[in-house]
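Report on the following structure.
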There are 2 protein chains.
Amino acid sequence: MNFQERKQKILDLVEKEGSVDVKRLALHLDISEITIRRDLAILSEKGMIYRTHGGAMKLSLAHDPISFVQKSAVNADKKDYICQLAAKGIQEGDVIFMDCGSTVFRLCPFIRNMRIKVVTNSLPVMSQLLGSAVSVNFVGGEIDPERQAAHGIIATEHIRRYRANKAFLGVDGISLANGLSAASEKEAEITLSMSANSHETFLLCDSGKFEKDRYFPFAPLSLAQTLITDQEADAEIIESYKKAGLKVVK
Amino acid sequence: MNFQERKQKILDLVEKEGSVDVKRLALHLDISEITIRRDLAILSEKGMIYRTHGGAMKLSLAHDPISFVQKSAVNADKKDYICQLAAKGIQEGDVIFMDCGSTVFRLCPFIRNMRIKVVTNSLPVMSQLLGSAVSVNFVGGEIDPERQAAHGIIATEHIRRYRANKAFLGVDGISLANGLSAASEKEAEITLSMSANSHETFLLCDSGKFEKDRYFPFAPLSLAQTLITDQEADAEIIESYKKAGLKVVK
DNA sequence: TTAAAAATGATTAATTTTGAACAAAATTAT
DNA sequence: ATAATTTTGTTCAAAATTAATCATTTTTAA
């Protein structure tokens, strides 16, 4: 295995994983650590990776959205389960909306290899899907650094310019009495416009949010056609949502 | 087995496997290693394969895609000098356009602490400015993964919605005869609309691009009011640009 | 046929790459 | 803050690869 081949593998791994460490590379490529270090030194010299203590990182956009990745790790299992179900509802050629929720974000790995168009206002989603088979359309507007997403008049106008088959949206709360609720007006606005401009709306919502109302109730349950949730969801509550007209997948 | 036959087999193998090594080729083609080396030297001389230590590999695998950050590091000194000058032209409260050129990208560190609004179609620029004092407005649209930026109808429409004091734009070529030229139609479109919607247009252009024409000439010199360049710029050329109406800063 | 030219192989020296050992620097834990 | 650990840089030696030189074989052409 010569330098060129190692270089390929290292770069691939850095691209795929976001970061690598010397030990694992040495083991994986079956070569000494000192050589890996030399390789990394060359690659970072060329500006192709960012050298860290003990390894290297992807440079470019990787920095900021990483913080989001960690946040989305709360209830990761449930969210992944939900996303895996959601991905089954997507076909090649689809045009889909994805909002800036942390559950929706976890849909990315499941759709990277699909030839679909994604319209999103979420920076982390875009970052995850760039360079994949997915064609990404980012919703423009003022960027909220905290939410890592675009919101506002221009963003909703942008969304209105497009027509999607499916919208995959997160909500912060859902209840029979007050419908869907969000933690901020801004997010609600995006949810509404994405839903309005897509043929079918999927709600990605873990069971922990059932019968919880958040700061800003903004829509009836009927905004969505399908609710995708996890297996711990209470049967009785599900039944009541079904009666309200939602198709529930779990 | 003569050279022509070996050449064919070597090329086939390189194509199929991606990479080959001298030892195996010598064994496989039943010929000495030195001959294989000579063959590889000829093939690589002709640019048909990439010679590595101990073997050879496919050109496409050996050549690595230059990342944006890496590209921006070419002529970094000149670019930084230009950007430092450009930053002096920015005041608190300004609304500025920044395009997706690699020179413009390097303006980011100089403006991070300014309370201004930046409208940009460049992902790296946005990434650099997020979390700083700058308020970032990202131009939406289809994201070109290679250029790391948004282009197209929706992007230009988005730009038209805003009015900026100043536009900081890169060009790929500039000449007295043919004006400004770009490497792609898409980039030219963005440059034009940013310039049209800002009060003053600054061209950030290192002297290496003077009197060079690129693929797509798209505007006369008069599109910009000010040209910011480096100190190595030829005095005579500068004089001619000044006569054409440009204010030149260096 | 026979000399000249070209291609190949063998040997050896030079170069490049890799690995090992250890001190210096940086990071982490106490 | 201090000690322990990890990571890194440096130096040197070993191994692998290549380049150079020259002899041998094969091909070419008069």
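Only one of the numbered conditions (1) within 14 Å of another protein chain (Cβ to nearest Cβ); (2) open to solvent by 90 Å² or more (accessible area, probe 1.4 Å); (3) not in a helix (DSSP H, G or I) is not met by B:Val20, and that is (2). Pairing each residue of the range A:172-190 that is aromatic (Phe, Trp, Tyr) with any residue that is surrounded by fewer than 17 Cβ atoms within 10 Å (Cβ to Cβ) and in a helix (DSSP H, G or I), provided the two are 6+ apart or on different chains, yields no C-beta distance under 8 Å. Within this structure, A:Val14 fails the test of being among the aliphatic types (A, V, I, L, M), open to solvent by less than 50 Å² (accessible area, probe 1.4 Å), over 21 Å from B:Gly54 (Cα atoms) and near DNA strand D (Cβ under 10 Å from one of its atoms). When the residues of the range A:120-146 are filtered to those that are closer than 25 Å to A:Glu200 by Cβ, more than 8 Å from chain B (Cβ to nearest Cβ) and open to solvent by 20 Å² or more (accessible area, probe 1.4 Å), which remaining residue is modelled with the highest pLDDT? Result: A:Ala133. Of everything listed in (1) at pLDDT 95 or above; (2) under 16 Å from B:Tyr81 (Cβ atoms); (3) open to solvent by 20 Å² or more (accessible area, probe 1.4 Å), the single unmet condition for B:Glu189 is (2). B:Arg160 falls short on exactly one of the conditions (1) out of contact with any Cys (no Cβ under 7 Å at 6 or more places or on another chain); (2) open to solvent by 40 Å² or more (accessible area, probe 1.4 Å); (3) at the interface with another protein chain (Cβ under 10 Å from one of its Cβ atoms), and that condition is (3). Contact map, the range A:23-47: first residue among the charged types (D, E, K, R) and modelled with pLDDT of 90 or more, second residue near DNA strand D (Cβ under 10 Å from one of its atoms) and part of a helix (DSSP H, G or I), Cβ cut-off under 7 Å, separation 6 or more or different chains; pairs are A:Arg37/A:Val22. A count restricted to the range B:26-57 and to residues that are within 14 Å of chain A (Cβ to nearest Cβ) and either surrounded by 12 or more Cβ atoms within 10 Å (Cβ to Cβ) or more than 25 Å from A:Gln8 (Cα to Cα) (or both) stands at 10. Candidates are the residues of the range A:226-243 that are touching a residue at least 12 places away in the same chain (Cβ under 8 Å) and open to solvent by 50 Å² or more (accessible area, probe 1.4 Å); the one that is farthest from A:Ala86 (Cα to Cα) is A:Asp234.
The values are calculated or read from the model by the stated rules, or taken from the named source; none is laboratory data. What you are looking at is a predicted structure, and each value in this text was computed from that prediction instead of being measured. Here Cβ is always computed from backbone atoms with ideal geometry, including for glycine, and neighbour counts include all displayed protein chains. Each accessible area value is taken on the protein alone, full model and side chains, heavy atoms only, with ligands, DNA and RNA left out. Shrake-Rupley method; radii C 1.70, N 1.55, O 1.52, S 1.80 Å.
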